[in-house]
């Protein structure tokens, strides 16, 4: 799979428009038509996925407010040139620890919390390494909602391997000998980018002065 099916993207966009419309509609006439649009989006997704239209309708019914992308955070954690991976209990594949960002969590707090919950290691988020639009990279299956994936380089503070209800195993792997990963068909190259950035010795990393960057930007405008 090289990209999401165009019809799937249109169905997702239709659902987002319907969700936003249902939020701000002021008449029953409008609400009925936005609800119909949401039901059509569910039918379109069911045509391309084993999941039933009824399941998609139930999922869409749980969403409210103005439709915006969801945020998924992932941690790239090294120990002695080995990267931390967790095995998903749902499919048995390995991935970087992480998950959805919760309300009232900063991005750093979210990735630190998710890493501890899934692996048993307490970490400190040090640097945002990469941001990806899930819909623009190979994934299987496609997701019904739009997702931004944020990858952080993190340092271990303490802890020990401890699987959770969502993970069945926790281990460290040499970057060039990682098992089949990541879970849910995510694009392996994105994980490699994060691991390559994390593997650069600190002495060779470029130091950026934010104030200097702002001055240069002001002169360029």
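The numbers here are math on the coordinates, done by the rules we state, and not lab data. Given the structure is predicted, the values throughout are model-derived calculations rather than measurements.
Here are some notes:
- Separation between Cα centres of region 69-115 and region 2-66, rounded to whole Å: 28
- Over region 89-172, volume per residue of the alpha carbon convex hull, in Å³: 116
- Normalised by 2.2 N^0.38 Å, where N is the number of residues, the alpha-carbon radius of gyration of region 43-131 equals 1.36.
- Shape of region 1-160, Cα gyration tensor, a/c cut at 1.5: prolate
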